[in-house]
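Student: Quick one: structure below, then a few questions.
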Amino acid sequence: QVQLVESGGGLVQAGGSLRLSCVASGITVTDRTVGWYRQAPGKERNLVAEIRSNRDTFYDASVKGRFTISRDNAKNTVYLKMNSLEPEDTGIYFCNTWKSRNGYWGQGTQVTVSS
């Protein structure tokens, strides 16, 4: 059974930093792509960053240069380090992966950036 558990969200002032964690079970994060998505209030859920099995990474243009996705193989965890946060980064951040053509999501962690 695949489980993704996010943590690390919170309230931060603009310009601040947070590090989100996604602890996975039922899958091995080195075997597949794991992504972080953001859902702003009243908006769709959009891909922010992802890390692939070969460690290649992708970033949405809105976060490139400010966010860094990484993983700890021993802890089976994927991180999202967020620097220079802006009010537009506010939203619920979800971790996502796929296994056997099924998509899996965590419960999300709330990030609020005040101006």
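The values are calculated or read from the model by the stated rules, or taken from the named source; none is laboratory data. As the structure is a prediction and not an experimental result, all values here were calculated from the model. FYI the Cβ positions are ideal-geometry reconstructions off the backbone, even for glycines, and counts take in every protein chain you see. SASA here: full protein model, heavy atoms, side chains in, ligands and nucleic acids out. Shrake-Rupley method; radii C 1.70, N 1.55, O 1.52, S 1.80 Å.
Student: It is to be established whether one or more residues within the stretch 69-76 are closer than 24 Å to residue 44 by Cβ, modelled with pLDDT of 95 or more and either touching a Phe, Trp or Tyr at 6+ places or on another chain (Cβ under 9 Å) or open to solvent by less than 50 Å² (accessible area, probe 1.4 Å) (or both).
Tutor: Initial filter on the stretch 69-76 (closer than 24 Å to residue 44 by Cβ): 69.
Filter again for modelled with pLDDT of 95 or more, leaving 69.
Next, only the ones that are either touching a Phe, Trp or Tyr at 6+ places or on another chain (Cβ under 9 Å) or open to solvent by less than 50 Å² (accessible area, probe 1.4 Å) (or both) stay: 69.
Yes: the stretch 69-76 contains one or more residues that are closer than 24 Å to residue 44 by Cβ, modelled with pLDDT of 95 or more and either touching a Phe, Trp or Tyr at 6+ places or on another chain (Cβ under 9 Å) or open to solvent by less than 50 Å² (accessible area, probe 1.4 Å) (or both).
Student: I want to confirm something. Restricting to the stretch 90-101 and keeping residues that are free of Cβ contacts under 8 Å to residues at least 60 places away in the same chain and under 18 Å from residue 29 (Cα atoms), which single residue is most open to solvent (accessible area, probe 1.4 Å)?
Tutor: Out of the qualifying residues, it is 101.
Student: Still on this structure, please answer the following. Those residues that are closer than 24 Å to residue 53 by Cβ and hydrophobic (A, V, I, L, M, F, W, C), I need them from the stretch 98-115; list them, please.
Tutor: Within the stretch 98-115, 98, 105 meet the criteria.
Student: While we're on this one: What pairs come out if I take residues in the stretch 21-46 that are loosely packed, with under 15 Cβ neighbours inside 10 Å and pair them with residues that are assigned to a helix (DSSP H, G or I) whose C-beta lies under 8 Å away, six or more apart or interchain?
Tutor: If the second residue must be assigned to a helix (DSSP H, G or I), the pairs left are 40/88.
Student: So, residue 56, is that one farther than 22 Å from residue 92 by Cα, surrounded by fewer than 18 Cβ atoms within 10 Å (Cβ to Cβ) and not β-branched (Val, Ile, Thr) or not? Before the answer, list the steps.
Tutor: Details: farther than 22 Å from residue 92 by Cα: yes; surrounded by fewer than 18 Cβ atoms within 10 Å (Cβ to Cβ): yes; not β-branched (Val, Ile, Thr): yes.
Yes, satisfied.
Student: So, in the stretch 9-53, exactly how many residues are closer than 12 Å to residue 95 by Cα and of a type outside the set (A, V, I, L, M, F, W, C)?
Tutor: Looking only at the stretch 9-53, we keep the residues that are closer than 12 Å to residue 95 by Cα, and these are 20-24, 29, 33-39, 45-51.
From what is left, the residues that are of a type outside the set (A, V, I, L, M, F, W, C) are 21, 33, 35, 37-39, 45-46, 50.
Residues meeting the conditions: 9.
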